[in-house]
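The values are calculated or read from the model by the stated rules, or taken from the named source; none is laboratory data. The shown structure was predicted, so the numbers you read here are calculated from the model rather than taken from an experiment. So basically every Cβ, Gly included, is an ideal-geometry build from the backbone, and we count neighbours across all protein chains shown. Areas reflect the complete protein model, heavy atoms only, side chains present, ligands, DNA and RNA absent. Shrake-Rupley method; radii C 1.70, N 1.55, O 1.52, S 1.80 Å.
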Amino acid sequence: MLNPPLRHTLMLTDPAVLFENVSHAFGAQQVLQGVSLRIEQGEIVGLIGPNGAGKSTLLRSMVGIIRPDHGTVQVCGTDAVRNALEARRHIGYAPSETALYHQMTSEQLLAFAIAFHPSADHALGLSLLDKLGVPHAKRLGALSHGMKRKIMLVQAIACGGPVIVLDEPTEALDPEARRMVESELRSQAAAGRAVLFSSHDLTSVERLCHRAAFLRRGTIVRAGGAAELAAETGRLLHLEFRVPMDRDQLPVHAAWRWQGQATRWSLHHNDPVEKVLAVIAELPINGIRDGGGSLEEVFDALYGGDAA
């Protein structure tokens, strides 16, 4: 029996995904608090945060695994809370877990997983399995964790839905497979599909994403263009001192923030580098390095010791 056609046709100005004031708690633990985020068609957005920040819960609210206590989740114009099944048909989803049907082969699982989706591309799925080196006829129970991760990613892409949702997509992938997956996701976004994924691989997020959103304790604390966010950390210096230094031995200026201990310290600042160097010139510096702009630095600045 053929799947019925999807009900919604997106206008070019419509978002692919929309979260509005989404909140959710597991018992007394609040895991999402007023999250609002919009993902456009053809856009790749990365969710960043330490363990427990709410990334996976937010993704699961799109596919009907959890029902938010408050707020709106829309996928291609469909209310994902009230019409979870219809919304799910718009989404290619790869969770972080790899609990699969171990008696199936990879080719059988691919066919099974994408059969629900009216725009599925089985040939693309088979081609991606080949590119990623996944054997078609081997039972899943005999495959490594990394191979299972590849199969989950392939079925999410091959489903053909306008939205791809991935939870830790590069986890357990070797560098070559990671590059292949990133290249494929760029191609899918260029064709108009939206990609939303969570990751601890900040380098991959920086390479791949148009925008990034940082979550902390269920709240988006920073969001914006990945390149722009990374550039904001350009005014960062890493210093190594010849002798251990205490914080009260370091110069204090407005908008300066020191992090570190003993002989290794980092200085976040908003001043011209020449001015900073003139101020710290008298310190017993053994080495100094420009931190450059990276999402890793944004992460460190936002979470500090809170990251787990």
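Taking Lys and Arg as +1 and Asp and Glu as -1, the other residues whose beta-carbon sits under 11 Å from that of residue 100 total +2.
In terms of the ratio Rg/(2.2 N^0.38 Å) built on C-alpha atoms, what value belongs to segment 54-101? Mind dumping the intermediate values first?
On the way: Rg = 10.9 Å, N = 48, 2.2 N^0.38 = 9.6 Å.
Here the answer is 1.14, to two decimals.
Placing one equal scatterer on every Cα of segment 28-164 and applying the Debye formula, the log10 ratio I(q)/I(0) at q = 0.11, 0.15, 0.22 Å⁻¹ is -0.45, -0.80, -1.33.
Here the chain exposes an accessible surface that is 51 percent carbon and sulfur, computed with a 1.4 Å probe and the other protein chains kept in place. If you take all other residues with their beta carbon under 13 Å from the beta carbon of residue 263, and give Lys and Arg +1 and Asp and Glu -1, the sum is 0. Estimated from the Cβ-Cβ distance and a Förster radius of 25 angstrom, the FRET efficiency linking residue 183 and residue 227 is about 0.85. If you wrap the tightest convex hull around every Cα atom of segment 196-252 and split its volume per residue, you get 161 Å³.
Of 212, 229, 253, which is farthest along the charge dipole of segment 184-308 in the positive direction, counting Lys and Arg as +1 and Asp and Glu as -1 at C-beta? Among 212, 229, 253, the one farthest towards the positive end of the dipole of segment 184-308 is 212. Other residues within the sphere of radius under 12 Å centred on the Cβ of residue 159, judged by their own Cβ, net out at +2 (K and R +1, D and E -1). Sticking with the crude label model, points 7 Å out along Cα→Cβ, report the distance from residue 116 to residue 279 in nm, one decimal please. Output for this residue pair reads 5.6 nm.
May I ask what percent, to the nearest 5, of DSSP beta bridges between residues of the chain are antiparallel?
Numbers: 37 of 54 bridges.
Of the beta bridges lying entirely in the chain, close to 70 percent run antiparallel.
Averaged over its residues, the chain has an accessible area of 47 Å² per residue, based on protein heavy atoms and a 1.4 Å probe. List the lysines whose alpha-carbon lies under 22 Å from that of residue 138, not counting same-chain residues fewer than 8 positions away? Output for residue 138: 148, 150. Counting only DSSP H runs of at least 4 residues, each contributing -39500 (n - 2.57), and dividing by the residue count of the chain, the helix-based mean residue ellipticity at 222 nm comes to -8000 deg cm²/dmol.
Determine the shape class of the chain: with a ≥ b ≥ c the square roots of the Cα gyration tensor eigenvalues, call it rounded for a/c under 1.5, and otherwise prolate if a/b is greater than b/c, oblate otherwise. Working shown, then result.
Values: a/c = 2.42, a/b = 1.86, b/c = 1.30.
Since a/c reaches 1.5 and a/b is larger than b/c, the shape of the chain is classed as prolate.
Overall form of segment 188-308: prolate. Here a/c, set by the Cα gyration tensor axes a ≥ b ≥ c, is 1.5 or more, and a/b is the larger of a/b and b/c. Loop exposure criterion: trypsin sites (Lys or Arg not before Pro), DSSP state outside H, G, I, E and B, at most 13 other Cβ atoms within 10 Å. Applied to the chain, the longest stretch between such sites is 139-241. Ordered from highest to lowest accessible area with the whole protein assembly present and a 1.4 Å probe, 176, 107 read as 176, 107. Label positions at residue 250 and residue 36, each projected 7 Å from the Cα along the C-beta direction, are separated by 3.6 nm. Where a ≥ b ≥ c are the square roots of the eigenvalues of the C-alpha gyration tensor, would you call segment 15-54 rounded, which needs a/c under 1.5, or, failing that, prolate if a/b is larger than b/c, or oblate? It comes out oblate by the Cα gyration axes.
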